Amino acid sequence: MNNSQQRGPRSVPAPRGTERSQARRAELLATGRKLFADTSYDALSMDDIARNAGVAKGLIYYYFTNKRGYYMAIIEDAVAELVLRAAGGVELPRTERVQRTIDGYLRYAQHHQAAYRTIVTGGVGHDAQVLAIRDRVREQLLSTIAEGAWGRTDIPPLARTALVGWLSSVEGVTLDWIAHQELPRETVCDLVIRTLRRTLAVIEEFEPAFPAPSVEDGERAEGQDG
């Protein structure tokens, strides 16, 4: 049997909607995460990707069209996981949910550093499409924080602006933390939560209809977590 005959059965992937096809796509995404974590976008060719994935290059084109499509699919997959971690715990009391959101966010950044950096910094050359994905993540996080703080997501412009400023600081803190790894995650989480409390207190000064949750409520939730 010649090489083309040996490759024949593998050259026709299962339909995209099948379980086997979804598993193969997930494997390719996992490979891509590792590759782009260690190598820049421009330095990786489709031949490199196919070789590391152990598949024919045509299979990657089949699922993702081209290298950019593959890269964007990896980013979308990373974002989905980040949002899932951050937005979980809907059954918890609101204050606890905010704390879980922040801890999940930091856990994700700690264990998926390359993907996190790409999401918050805008990807290759501040890619507009990646920036749009980042903005979507921010909106999800802002909604989760607002819901946890006030039980609603329709908030006044000043409250939104203040929370956007807080989230931008969280991104900076997180990038520095994963770059140096000098502090335990629990300490960073506590730092971020404390700065959020201060931000909510300032919002209350400007918008009395949006009072900050009491410190006692936050401390009770921390005690339950411990």
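Which condition breaks for Ala128 when tested against (1) out of contact with any Leu (no Cβ under 9 Å at 6 or more places or on another chain); (2) more than 23 Å from Glu76 (Cα to Cα); (3) small (Gly, Ala, Ser)?
All conditions are met except number (2).
Take Ala73 and decide whether it is of a type in the set (A, V, I, L, M, F, W, C), touching a helix residue (DSSP H, G or I) at 6+ places or on another chain (Cβ under 7 Å) and in contact (Cβ under 8 Å) with a residue 40 or more places away in the chain.
Against the criterion (of a type in the set (A, V, I, L, M, F, W, C), touching a helix residue (DSSP H, G or I) at 6+ places or on another chain (Cβ under 7 Å) and in contact (Cβ under 8 Å) with a residue 40 or more places away in the chain), Ala73 qualifies.
Cβ-Cβ distance below 6 Å, separation of 6 or more or different chains: which pairs start in segment 90-119 with a residue that is in contact (Cβ under 8 Å) with a residue 24 or more places away in the chain and end on one that is not in a helix (DSSP H, G or I)?
Sorted first by the residue in segment 90-119, then by its partner, the pairs are Thr95/Pro213; Arg97/Gly89.
Each reported figure results from applying straightforward, stated rules to the coordinates on display, with no laboratory input. Just so it is clear, the structure is predicted and the values come from calculations on it, not from any experiment. Heads up, the Cβs are rebuilt from the backbone with ideal geometry, glycines too, and the neighbour counts pull from every protein chain shown.
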